[in-house]
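Peer 1: My questions will all concern the structure given below.
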Amino acid sequence: MGVIAQDNKQMNFYYSEDSSIAKQALGYLEASDKKIQLININETKLTGTQWAELSQGVGTTIDGLISKDHPSAKDVIKDGDFDEHDWIDILNNCPQVFEYPVAMNGSSFLLVKTPSDILKFYGVDSPALNKPKLGEEQDTKPASKNDNYIE
């Protein structure tokens, strides 16, 4: 069992306020009917155990959560040989290098690489949509009563 509370009725969203992807994904979250717990890592320092749980949840290492191409990261990590604790310190002291927000719902984790990725937690997809022919409009009406759309 992890240290981060897991609740299927609540979405936890770990983000840096400097992330444009996070700002856009917040729009999707606010439009949902789920309870949302926002964790802005610029204001809330996570423990090493929490960082480890997030990285494991999305299938990467702690340094895999860091944008090493970010200008702030380049200054910090040049010529460095870092262990897990060093990467945690970097994330806590330089939160703008947190590459992608992480959404968590119950025991499911998602690395949010595009704002619309957040829809994966709501069971929204478009399998019933037919691709229109060139020049035709897209029909977005549900094809059956089982189609799950956000209204």
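Peer 1: Can you say whether residue 88 is β-branched (Val, Ile, Thr) and part of a helix (DSSP H, G or I), as far as the supplied structure shows? Spell out the reasoning first.
Peer 2: On the way: β-branched (Val, Ile, Thr): yes; part of a helix (DSSP H, G or I): yes.
Yes, satisfied.
Peer 1: Could you check, for segment 102-117, whether at least one of its residues is outside any helix (DSSP H, G or I), aromatic (Phe, Trp, Tyr) and at pLDDT below 95?
Peer 2: Among the residues of segment 102-117, at least one is outside any helix (DSSP H, G or I), aromatic (Phe, Trp, Tyr) and at pLDDT below 95, which makes the answer yes.
Peer 1: Only residues that are modelled with pLDDT under 90 and assigned to a loop (DSSP other than H, G, I, E, B): list them for segment 19-44, please.
Peer 2: 31, 32, 33, 34
Peer 1: How many residues does segment 1-43 hold that are farther than 22 Å from residue 91 by Cβ and buried (at least 19 other Cβ atoms within 10 Å of the Cβ)?
Peer 2: So the count comes out to 1.
Peer 1: Can I ask one more? Quick check on my filter: what residues within segment 45-59 are in a helix (DSSP H, G or I), of a type outside the set (Phe, Trp, Tyr) and surrounded by 15 or more Cβ atoms within 10 Å (Cβ to Cβ)?
Peer 2: Those that are in a helix (DSSP H, G or I), of a type outside the set (Phe, Trp, Tyr) and surrounded by 15 or more Cβ atoms within 10 Å (Cβ to Cβ): 48, 50, 52, 53, 54, 55, 57.
Peer 1: Then there's this: Report the residue count in segment 29-47 for those that are in contact (Cβ under 8 Å) with a residue 24 or more places away in the chain and among the hydroxyl-bearing types (Ser, Thr, Tyr).
Peer 2: Residues flagged as in contact (Cβ under 8 Å) with a residue 24 or more places away in the chain and among the hydroxyl-bearing types (Ser, Thr, Tyr) within segment 29-47 amount to 2.
The values are calculated or read from the model by the stated rules, or taken from the named source; none is laboratory data. Owing to the predicted nature of the structure, the values given are computational and were not obtained by experimental measurement. No Cβ is skipped: glycine too gets one built from the backbone with ideal geometry, and neighbour counts run over all protein chains shown.
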